[in-house]
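The values are calculated or read from the model by the stated rules, or taken from the named source; none is laboratory data. Everything quoted here is computed from the prediction, not taken from an experiment. Methodologically, a virtual Cβ is constructed for each residue, glycine included, from the backbone with ideal geometry; neighbour enumeration extends over all protein chains shown.
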Amino acid sequence: MKPLPWTRSALALCIMGTLTACGGGGANENNEGDVVVTPPPQSSSSSSGGSSSGGSSGGGTEGPILSENFGDDLFVNFDEADTQFFFSQDYKALDANNAADAWPSFYYPTCCFFANDNPADGPEVALDQMGIVSDSGNPAMLLNTGRFSAGQTRPEIDDADPKKDTTSSDDVTTWGELDLSQPYRISFCVKDASGTRNMQVYVDNNTSGEANSTWGGGSSGSRIFNIPAGDLIPGKRVQINIPGDITYEQGGEVKDFRQEQVGSSSSFLQFRVEGGSSVIFDDLLVERQEDDGQSELPACNVFQPATAPEAPEAPSLFASDAQIAVSWASSIGATSYDVAYSTGTDVNTATIVEGLTETSTTLSELENGSEYSVWVRAVNNVGAGEWSEAATAMPVAPVGDNCVPTTSVDPSATNMIQWGVYDGCSHPGDLGAVVINGSEATNFAFGEDEVPYFSSDELGIMTLDTIGFDIKPVGDLDGVIAGDATTYPKHFTFIARIDTSFATTKDGVRGFEIETHLGDGGVDARGPARIKAILRPDGNKIQLDKFLSDDSTAEVDMDMTDGYHIYQVSFTVNDPTDAGNEYITAKVYRDGVEVGSFTGNGRDGGSSSSRMRIGEGSSSEFHANVDWLVWSDDEIAAGLTPEQLVGELPADIGELGAYAGADASAVFEENFNGIGLVEDSETEDTNFFTAEYRGQSGDATKPMFNVTSGSSRITVAGGTLALHNARFSIGDAMHGTDTADTDTAGRGDLDLSKPYVISFEVVENPNTSVESGKCQVYVDNNTSSSSKSMHGGSSKLVEKFASQLSDSDQPTGTVTIESDLGTASSFLQVRCDSGTEGMPVVIDDFKITYQ
């Protein structure tokens, strides 16, 4: 039996050689806990909750009258909650819509189920008398004193329980949903049977007395089957023909013969085993005698008590800062898993995490530098299996500028979008390189020969390089779009920060591919469509390969020679049976600006399940640097523009550019890659120093940034600003007028009236001298003289050799400046003097926050 979505705990009925009950169940008011998440109520004329062999047919002319396998592929705990669910309308409901029926389930317990034997008091299951049990993990029904009806509707009787002990020989009508008016056959597989008292089957009788029915008693009465349980043959199928022969096995000796038709077009059945005997049976079938549905049922076999699961394979581990991500293969029939971990090698002394319902977890608060052994075991209704072999891993603290792997991703603050993340910190094929569903550690799947063509450095940049090789290395991640093959509309969005500029220096070298397979809906003649986005630095364009309905390629020309850019592709897939040949709409953005909008039917071929593929899928040479990649099948995400996605992407995965959200504590932020930025290139100058890119809050017609010296020595490109022997101001509302010590009021756009902190990152810096070449930051001063300010010489907040600019006195790293000097209308100036000529200092992520 295949494992299920893990929604219940492992409270269990233990079947070990003899039938014994241990454990219990129960659920909260939302049907969570031990009870499975219930499907919509099913009528008796439709497939039952667990009936894979066919549903019951409530008197129709086609199919069986009733087919029940007692929850195959549905029940795994075999506890009280499973039995409660089986006898509920959520498993199988009556067709009758009778508001007076307080328990309108198709299978109704006429014994051993309700507290005080009263439905008003709610369930109190006696599992040793009646309930779902485990036949080596396959559900079957146990009766021992228990009894239940099938298809009984509520009669107009005022008794406390109108569906129990209310039929009588005075009845002249029947009240059920089974059409037993024509010759029919009841058959079931006997799994186990013992005892001298009888198993019984009744028609239109909800009591334990044979004459209490419109059909009366005797050889032609309501009790159509009444055989000592011990006479039944385990592993054989009982057949009850009405009218006709009764046998204990197909083709076996006739044990009884019923001459009369017992039943009407509105009948019900009741199954019972008298106290002191027990029967386990399965695959119940009620059909017309002219039919032969038994041939489609599983072969009968003898009841086999379930055993604890076998030991899983050793888990896969991914270690990061003070934690280890653990994942393992699912075990058939497991209801939960336990994970043990220790710095030693003895699982008996390890710390155990119990009751895990997924096949992955993250162990946190571990000691960096210590090697941990990790084991996993599976648990089912019998108990815990053996521990796996140990796997080992060592958490290590990040060093210096090393990338810190993402291990959890919260839904976005505004739209609750749950992103999948690859942050570039490790090879995309390593477990833990990818995070999905908030905290599930996974990875892209690669063949062994594909792995070497992807690499990741300590800064969190993944590089694809196939230059000089004839190979097509790709990594696949399955299940990226929820829903089955016929679910429409489908939505998908991926956003990635990628640099393909190196490829432009090599003839014919391409950049990177991100391909999305939609899965085969079985309705599109093209087969399972896919959307293949290709970055083509060899042609300075982005393509959606063969996306349009005439199989041509949608493409947008763009410069790819200038470093990193953030690409977004969002699309919606409608039902092709309704939308015809153009059922996919796609929008393409770069650096927050829409560059293309297309309608088509995607590229032909691909996987039969939804999948995202990264890398390259052609024999061309490829080269690209990938900072990060995020994706979502959320409908809201697919409908949002980059401007609307600002602040919606996961933090700390790398440079977010136009998508970066404002820091609520920040007075000012700039990442040198905002929406609408035109970067330096061979064909156009930057608009960074214009109000079009960013105006001041006090006067939007005035630029936020102004060059105060050396405009040719300041470059804005690739999400950074580089300067050497140059300076620029931030928020100066009187650009062009020198400040002086006679100024008595601020003239800027920044409120620096409270203690504040200036910070920025130095990402590149070739300066090495400690004798010349300095960088400075000024407040309320647009000159190179510290005294020309209302603050006098104090206006120079910091001055350091460029070679020691960072807080750690290194060329690169974080620069932090604390100050309380300023007014409610101040401005700043950033400068690197003439000693840095020809050696540009490159900065990023400039921010001002209050202390």
- Looking only at region 421-454, and only at residues there that are hydroxyl-bearing (Ser, Thr, Tyr) and either assigned to a strand (DSSP E or B) or more than 21 Å from Glu621 (Cα to Cα) (or both), the one that is modelled with the highest pLDDT: Tyr422
- Message: So, in region 558-593, exactly how many residues are modelled with pLDDT of 95 or more and among the acidic types (Asp, Glu)?
- Response: 0
- Task: Confirm whether Lys796 is within 14 Å of Cys832 (Cα to Cα) and not hydroxyl-bearing (Ser, Thr, Tyr).
- Result: yes
- Query: Say we look at region 111-137 and pick out the residues that are buried (at least 24 other Cβ atoms within 10 Å of the Cβ) and out of contact with any helix residue (DSSP H, G or I) (no Cβ under 7 Å at 6 or more places or on another chain); which of these is farthest from Leu74 (Cα to Cα)?
  - Reply: Phe113
- Query: What about Glu389, is it under 30 Å from Trp631 (Cβ atoms) and either in the same structural domain as Thr343 (by TED's automatic domain parsing) or out of contact with any Ser or Thr (no Cβ under 9 Å at 6 or more places or on another chain) (or both)?
  - Reply: no
- Would you check if Pro405 is modelled with pLDDT under 90, more than 30 Å from Asn601 (Cβ to Cβ) and either within 21 Å of the chain's Cα centre (by Cα) or not in a loop (DSSP other than H, G, I, E, B) (or both)? yes
- Out of all the residues in region 497-513, which are closer than 23 Å to Phe547 by Cα and either surrounded by fewer than 20 Cβ atoms within 10 Å (Cβ to Cβ) or under 20 Å from the mean Cα position of the chain (by Cα) (or both)? Gly508
- Can Val770 be described as β-branched (Val, Ile, Thr), touching a residue at least 12 places away in the same chain (Cβ under 8 Å) and in a strand (DSSP E or B)? no
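Looking at Asp809, Asp844, which one is part of a strand (DSSP E or B) and among the acidic types (Asp, Glu)? Working first, answer last.
Details: Asp809 fails: part of a strand (DSSP E or B).
Testing whether each residue is part of a strand (DSSP E or B) and among the acidic types (Asp, Glu) leaves just Asp844.
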- Test for Val646: is it surrounded by 15 or more Cβ atoms within 10 Å (Cβ to Cβ), in contact with a Phe, Trp or Tyr (Cβ under 7 Å, 6 or more places away or on another chain) and without any contact (Cβ under 8 Å) to a residue 40 or more places away in the chain: yes
- Message: I'd like the full set of residues that are of a type in the set (Asp, Glu), at pLDDT below 95 and in a loop (DSSP other than H, G, I, E, B), limited to region 260-298.
- Response: Glu260, Glu290, Asp291, Asp292
- Item | Subset of region 396-430 (residues that are touching a Gly at 6+ places or on another chain (Cβ under 8 Å), crowded, with 20+ Cβ neighbours inside 10 Å and over 18 Å from Asp627 (Cα atoms)) | Ser412
- Message: Residues that are in a loop (DSSP other than H, G, I, E, B), under 17 Å from Arg272 (Cβ atoms) and of a type in the set (Gly, Ala, Ser): does region 120-131 have at least one?
- Response: yes
- Is it true that Lys788 is more than 17 Å from Arg747 (Cα to Cα), assigned by TED's automatic domain parsing to the domain that holds Gly731 and more than 49 Å from the chain's Cα centre (by Cα)? no
